[in-house]
Amino acid sequence: MLYDILKAIFWFVFRLLFRADISGRENLPQDGPVILAANHLSNWDPPLLACFLSRPVSYMAKVELFEHPLFGAAIRNCHAFPVRRGAADRGAIKAAVGVLKQGHVLGLFPEGTRSKDGRMHKAEAGVGLLAAMSGAPVVPACIVGTDRVFAHGSLLPQFHVRYGAPLYFTGDRRNKEELEAFSQDIMQHIAVLRAEIEKNS
């Protein structure tokens, strides 16, 4: 219920105020487990990435956000679950795999944190590991514009989101190099999507 209400609010905010340009939504499978992997520029990214999709998206969120009773309850009701940053959090990995085993959409930011310079950075191996453990396809997505809100002389920049074709891990899940290579391949696909956005905008 809360998820649907917030989704509707964000939909209007992004469409009316930020003139959101959304493309490639047909690339998200309509059923079964999916990992939605995007670059990360600002706190606007999670709702922007999710609110134009027909399926709800579950996100990992830093554990500190759950410490506030009201806000923590709200994001739990929006399918978020906690992760401890800076170390391997087996509980978060287990929760993420659980989301996928239930056939849901898991939203991830492979870089692990927001980009402070607007550029895309090296992915952590976690997205490749989750793809290997679950067998879920990875849909790359690129976000442009969310880092320019109230910055660089721009009050309400246009937001862009482009979703790419699903990618599948076909290597050995026990091979660390293959997992890392797949994670980097995802980031390369996101970079291609960014180039397409910039070319058409």
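Show me the helices (runs of 4 or more DSSP H) entirely contained within region 30-145 in which 3 or more residues are under 21 Å from Tyr168 (Cα atoms) and in contact with a strand residue (DSSP E or B) (Cβ under 7 Å, 6 or more places away or on another chain).
90-101, 126-134
Scan region 9-26 residue by residue and report those that are among the aliphatic types (A, V, I, L, M) and without any contact (Cβ under 8 Å) to a residue 12 or more places away in the chain.
Matches in region 9-26: Ile9, Val13, Leu16.
Can you tell me which of (1) modelled with pLDDT under 90; (2) surrounded by 12 or more Cβ atoms within 10 Å (Cβ to Cβ) is the one Lys101 doesn't meet?
Unmet condition: (1).
Take the conditions touching a Pro at 6+ places or on another chain (Cβ under 9 Å), of a type outside the set (A, V, I, L, M) and at pLDDT 95 or above and apply them to Gly135. Does it pass?
yes
Step by step: first the residues of region 1-32, then only those that are out of contact with any Pro (no Cβ under 9 Å at 6 or more places or on another chain) and polar (S, T, N, Q), then the one that is surrounded by the fewest Cβ atoms within 10 Å (Cβ to Cβ). Which residue is that?
In this case the residue turns out to be Gln30.
Out of Pro140, Pro166, Pro157, I need the residue that is surrounded by 13 or more Cβ atoms within 10 Å (Cβ to Cβ), within 25 Å of Asn43 (Cα to Cα) and over 19 Å from the mean Cα position of the chain (by Cα). Which one?
Pro157
The values are calculated or read from the model by the stated rules, or taken from the named source; none is laboratory data. Everything numeric here is computed off the predicted structure, so don't read it as measured data. Reconstructed Cβ throughout: ideal geometry from the backbone, glycine too, with neighbour counts over all protein chains shown.
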